[in-house]
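Read the structure below first, then the notes.
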Amino acid sequence: MHDRIPRVVHSHVEACTHARTHTRAAARAAACAIVAAFIAQPGAGSAVRAPAEAAVAVEVARAASSAPPSAAHDASAPPSVDIFVGGEGRHPVYRIPAITRITAAAHRGRLLAFAEGRGNLADNGTNDLVLRVSDDDGATFGPYRTICDLPGRSLNNPCVVEVASGAHAGRVLLMFQSYPEGCGEGCVIAGYDAADGGKADGKVADKVAGKDASKDRICRTLLMHSDDAGDTWSAPREVTREVKRATRATSVATGPGIGIQLARGAHKGRVLMPFNEGPPDQWRVYAAYSDDGGDSWKLGEPAADDEKGVGNEVQMFERADGSVVLNARQHLGPKLRTQAVSTDGGATWSRLSDIAELPDPQCMGGVLALDATILGASTPDASIVVFTGCDSPSRRALGTMWISRDGGATWPQKLLVEPEGFAYSLPVQLASGEIGVVHETAGYKSIVLRRVTVPAAAASPAAR
């Protein structure tokens, strides 16, 4: 976390944004890349939240994205479909994608794509939650719709899941955080009560939407739902006390990306939302889970760190044997993804361990167990898993999809999806059987979907 821009980074800001005529393009691009990497770190939003600093952040992203591509990665990316484009709709910037494909009969195949609609690149600000819908398997997306806008609050980390069975089957759950505007991850405090002693009573209109917001230093978690595949949405309901520990945890963050519903074993039907909790540089990952379709939530135990690094933004998938695997961004340790396994439906976890085949430049990535019936199999075997992320330990670039055919034990196949800028991403299985790789582009200018074909085990992968 960063409460102010370090002196060394500030010097690169100067080189990036002010040396228009006397700095060589290569040197300027290098300076922009350093500052962009700083801004991209968790909590850096609080460092650039002041209006002048936020403007610097936007300029840095613009300058970095205009740099000439590296000669080592000049392959053209497969065609993409725009989902969120900065400047379209109500917001200059869109970040932090989430997406799900509806399986309920009435709207089967519909895609619901979410993002934070931001006023600038800062993580904390006047962020809203925005939705676009596709009814043609991702070929086009409908109008921009702001589905949650709370004055005085910054809405972050959308995480979505469809309840496919059991209580509230067909319901779509959307969970996210609400921060006081101007008080991000490095500012919020432990507990449930506002700093002035006021109680979080669950009345969103009074407590979450801005009353005494300047005194409220609590990161709150909200839940919305839709029973008509995203056409309409409930009012946000606060669930902070159900998903955040009473002590130690300062910030919490869902995903971002997707939650899952278990389809096998003793906990079949359970809904899991992936979480990480602060304080900064001491993050831990865990699951909050519901056995009643999202009406109530329980708090799972955090996965023990591996003594080298800590887990941060996290996604989960279920294996064919009913065990659950978490896959997380790693900080302070090796530049690799980290994982843990749960055999009790997300209540407890093994110790975190590195995934040697999956590099991590400290960036959110997505993971998904595929429904094999869509691929033509007779049973929905969960052995095929895909992961999307950056094939680099240092750059938010070289966007790649890895394929595992043994439930995430190994990752022998990979496909380059985007040779240049590629940040937060997640996969969604399309009705066609293809994978839609949804990702942020260079300079965070847009969020797009690229269609990728899952190859046969011995075949060469293909994308379009």
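Values in this text are rule-based calculations from the coordinates and carry no lab data. Note that this is a predicted model, so its numbers are computed, not measured. Positions of Cβ are backbone-derived with ideal geometry, glycine not excepted, and every protein chain shown enters the neighbour counts.
Please compare each pair in K308/K445; K268/K445; K244/K335 to a cut-off of 32 Å on the Cα-Cα distance and tell me which ones are over it.
K308/K445; K268/K445
Around W411, what is the net charge, scoring Lys/Arg as +1 and Asp/Glu as -1 over all other residues with Cβ under 14 Å from its Cβ?
So the surrounding residues net to -2.
Nearest 20 debye, what's the magnitude of the dipole of segment 74-463 about its Cα centre given +1 on Lys and Arg Cβ and -1 on Asp and Glu Cβ?
With only Lys, Arg, Asp and Glu charged at Cβ, the dipole is about 280 debye.
Roughly speaking, what is the stretch gain from D149 to E88, that is 0.36 nm per residue apart minus the C-alpha to C-alpha distance, in nm to one decimal?
20.3 nm
Under the classification rounded if a/c is under 1.5, otherwise prolate if a/b is larger than b/c and oblate if not, where does segment 74-463 fall, given a ≥ b ≥ c as square roots of the Cα gyration tensor eigenvalues?
Because its axes are fairly even, with a/c under 1.5, segment 74-463 counts as rounded.
Could you rank the peptides 226-235, 300-309 by their average count of other C-beta atoms within 10 Å per residue, with the highest value first?
The peptides rank, most packed first, as 300-309, 226-235.
With labels modelled as points extended 7 Å from the Cα through the Cβ direction, what inter-label distance (nm, one decimal) is found for R248 paired with A139?
It is 5.1 nm.
Packing-wise, with mean Cβ within 10 Å as the measure, how do 444-456, 236-248 rank, highest first?
Highest-to-lowest ranking by the protection proxy: 444-456, 236-248.
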